1. Please go through region 135-152 and give me each residue that is under 19 Å from ALA50 (Cα atoms) and either touching a Ser or Thr at 6+ places or on another chain (Cβ under 9 Å) or surrounded by fewer than 14 Cβ atoms within 10 Å (Cβ to Cβ) (or both), ordered by number.
2. Which one of PHE122, PHE87, PHE96 is crowded, with 21+ Cβ neighbours inside 10 Å and either farther than 26 Å from ALA138 by Cβ or among the aromatic types (Phe, Trp, Tyr) (or both)?
3. Being in a helix (DSSP H, G or I) and modelled with pLDDT under 95 is the requirement here; does PHE20 meet it?
4. Out of all the residues in region 48-71, which are of a type in the set (Gly, Ala, Ser) and either at pLDDT below 95 or in a helix (DSSP H, G or I) (or both)?
5. I'm trying to understand the selection: among the residues of region 1-37, which are within 20 Å of PRO132 (Cβ to Cβ) and more than 16 Å from the chain's Cα centre (by Cα)?
6. Can you tell me which residue in region 37-64 is surrounded by the fewest Cβ atoms within 10 Å (Cβ to Cβ), limited to those that are within 19 Å of MET9 (Cβ to Cβ) and touching an Asp or Glu at 6+ places or on another chain (Cβ under 7 Å)?
7. Show the residue pairs meeting these rules: Cβ distance below 9 Å; 6+ apart or different chains; first residue within region 155-180 and buried (at least 17 other Cβ atoms within 10 Å of the Cβ) and assigned to a helix (DSSP H, G or I); second residue among the hydroxyl-bearing types (Ser, Thr, Tyr) and modelled with pLDDT under 95.
8. Which numbered condition in (1) in contact with a Lys or Arg (Cβ under 9 Å, 6 or more places away or on another chain); (2) surrounded by 21 or more Cβ atoms within 10 Å (Cβ to Cβ); (3) part of a helix (DSSP H, G or I) is the only one that ALA74 fails?
Amino acid sequence: MDRGEATEMIISWLTLSIAFSWNLNPYQFLYTLPLSLVAVGTAFLFHELAHRYAANMFGYPARFIMWSEGLLLAIGLAVLTNGRFVFAAPGAVYVFGNPTIRENGIISAVGPLANLIMAIIFYLLAFLTGFPIFYYVAKVNAFIGTFNMLPIYPLDGSKVFAWNLGAYLLLLIPLAVLAFYI
C-alpha cells in the first residue's frame, strides 16, 4: 500500500467516523466520536483490506480509491438526519485485471464476511462483558456489511448475487439479523 492509498483510507475512515457519531449536541458528539473511530475502524478498514487481500490472492493488483462525493453524502445525510442515517460509501477497492464472475464474487464477498465475523465477535464480547462499546462496534460492522450486500451495482452485493445466490443469502441474512434485530 502506498502513501496515497493509505491517506485516502484514513480520510475515509475519519469522515465515516464523524458521520456515524454526528449529533447536534456537542457533548454527545465528542463522547461518540472516539467510539465511532473504533467501530468504523474495524468495520471499514477490515472490510476494504479483506477485498484487497482476496484480490491479491487471486493474483490481481488492487487499490482503495476514495469517492469524495460519497464522503460528502455521508456527512450531508448525517447532518440532515442528525445522525439517524449514514450513507456509507466512501470509496472502494478497485481490482485491476479481468477477474472471472466467480473470482469477482469471492473478492466482493470477503468484505461483508469480515464485517460478519467482526459483528459476531463484538456481540459476543458485549454479551460476556456488558460493555456498550462492544455492542456499538458490532452494530456498525453489521450495518456496513448489510449495506454493502444490497444488490445494487457497484456495491458488493450485486457481484456476490451475480456469482452465487446461496453465498449471497448466507451473508445477507445473518448480517441483516445482526444489524436490525439484535
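The values are calculated or read from the model by the stated rules, or taken from the named source; none is laboratory data. This one's a predicted model, so the numbers in the text were calculated from it and none came from an experiment. Methodologically, a virtual Cβ is constructed for each residue, glycine included, from the backbone with ideal geometry; neighbour enumeration extends over all protein chains shown.
1. Across region 135-152, the qualifying residues are VAL137, VAL140, ASN141, ASN148, LEU150.
2. Values: PHE87 fails: crowded, with 21+ Cβ neighbours inside 10 Å; PHE96 fails: crowded, with 21+ Cβ neighbours inside 10 Å.
None of the others qualify; the one that does is PHE122.
3. Working: in a helix (DSSP H, G or I): yes; modelled with pLDDT under 95: yes.
Judged against the criteria, PHE20 is a match.
4. Just the residues of region 48-71 that are of a type in the set (Gly, Ala, Ser), to begin with: 50, 54-55, 59, 62, 68, 70.
Those that are of a type in the set (Gly, Ala, Ser) and either at pLDDT below 95 or in a helix (DSSP H, G or I) (or both): ALA50, ALA54, ALA55, SER68, GLY70.
5. Answer for region 1-37, where residues must be within 20 Å of PRO132 (Cβ to Cβ) and more than 16 Å from the chain's Cα centre (by Cα): TRP22, ASN23, ASN25, TYR27, GLN28, PHE29, LEU30, TYR31, THR32, LEU33, PRO34.
6. Within region 37-64, the first condition is being within 19 Å of MET9 (Cβ to Cβ), and the residues that meet it are 37-56, 60-64.
This time we only want the ones that are touching an Asp or Glu at 6+ places or on another chain (Cβ under 7 Å), so: 63-64.
Details: ARG63: 16, PHE64: 22.
Among residues in region 37-64 that are within 19 Å of MET9 (Cβ to Cβ) and touching an Asp or Glu at 6+ places or on another chain (Cβ under 7 Å), the one surrounded by the fewest Cβ atoms within 10 Å (Cβ to Cβ) is ARG63.
7. What qualifies is LYS159/TYR153.
8. (1)
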